[in-house]
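Notes follow once the structure below has been shown.
Every read-out reported here was derived from the displayed coordinates using simple, explicitly stated rules and does not represent laboratory data. Everything quoted here is computed from the prediction, not taken from an experiment. Here Cβ is always computed from backbone atoms with ideal geometry, including for glycine, and neighbour counts include all displayed protein chains.
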Amino acid sequence: MTNNIYFIANWKMYGSASSLNYLNKLINLSKLKKYRNAKIIYFPPFTLIQSFINKFKNTKIHVGGQNCHHIEDYGSFTGSISSKMLKELGCKYVILGHSENRIAGETDEDINKKIHSALNKNLKVIFCIGETLKEKRKKITFSVLKRQINKGLKSIKNFNNILIAYEPVWSIGTGVIPKDKELEFNVSKIKRIISKKTRYKLPILYGGSVNNKNISNLKNIMGIKGFLVGSASQSSKKFIDIIKKTIN
Ligand code: 13P
């Protein structure tokens, strides 16, 4: 299982029912033996989760939620979705700690509670971390990542269901990706921080402006087990291209 490569399609607040028509080629690709190690997971907006689950029935493509509430059950929280509800729908994963939610006010403590709630409901967590441009310029990337990891994973005992997504905030939606050396360095730092918490080797994924052009380079970065793809994942042609170029 160590050879799995994750391809995460984070659709953010995009997509409509008609988007599902474009997924047939991807489903066909996922069935080919050549791509058996490709772990493809879609994160549509909440409104489309059920349709995606129906679409991917009898395939090995999974579906997840883009966030969840820290209370794991039902509750009087207008506009929120709990990990229990995601699980009941058939989701296997949830993205937590995405910088777009951190920027909107989510704290490390909130994220930690959400991670606990997701793990309690047997969801796998894609835990996002990453420094802002300001933090990078101040050369405090390491301490930011360390804080995010230590606070986000506080009191976690079982690391089996956690994947780390390193997404430098300055790279999301900008078309700018880190230099190879910088990315390798930060991934190795993340591994070191995590190794102090658990002996379990958490998969580290990269996200931020991944597309079908830069993937040929990104796939060679040491220590990365997959990619979170935002805007390029909304085009199934580009997303297929990313998978094909990674596994060739
Ligand atoms: P982009 O690929 O659009 O930069 O988004 C990345 C991202 O936020 C994935 O979670």
Beta carbons within 10 angstrom, averaged per residue: use that to sort the peptides 61-71, 129-139, 189-199, highest first. 61-71, 129-139, 189-199
Just need log10 I(q)/I(0) for the chain at q = 0.13, 0.14, 0.16 Å⁻¹, Debye formula, equal scatterers on the alpha-carbon atoms, no solvent, rounded to two decimals. -0.77, -0.91, -1.22
Can you list the aspartates and glutamates whose alpha carbon is less than 16 Å from that of LYS25, not counting same-chain residues fewer than 8 positions off? ASP241
Residue order, fewest to most beta carbons within 10 Å, for GLU184, GLU167: GLU184, GLU167
Over the Cα atoms of the range 119-248, how large are the radius of gyration and the largest Cα-Cα distance (Dmax), in Å? 14.8, 41
Please give the Cα centre distance for the range 41-58 versus the range 214-244, rounded to the nearest Å. 20
If each part is reduced to its alpha-carbon centroid, the range 162-199 and the range 69-116 end up apart, in Å, by 22
Over the range 1-72, consider all pairs of different Cα atoms and compute the Kirkwood hydrodynamic radius from their mean reciprocal separation; express it in Å, one decimal. 13.1
Looking at this model, which pairs from LYS84/LYS124; LYS181/LYS201; LYS157/LYS225; LYS34/LYS60 are more than 18 angstrom apart at the alpha-carbon? LYS181/LYS201; LYS157/LYS225
One point scatterer per Cα, no solvent, Debye formula: log10 I(q)/I(0) for the range 33-114 at q = 0.12, 0.15, 0.25 Å⁻¹ comes out as -0.39, -0.59, -1.23
Projecting the Cα atoms of GLY75, ASN158, LEU20 onto the charge dipole of the chain, where Lys and Arg contribute +1 and Asp and Glu -1 at Cβ, the residue farthest towards the positive end is ASN158
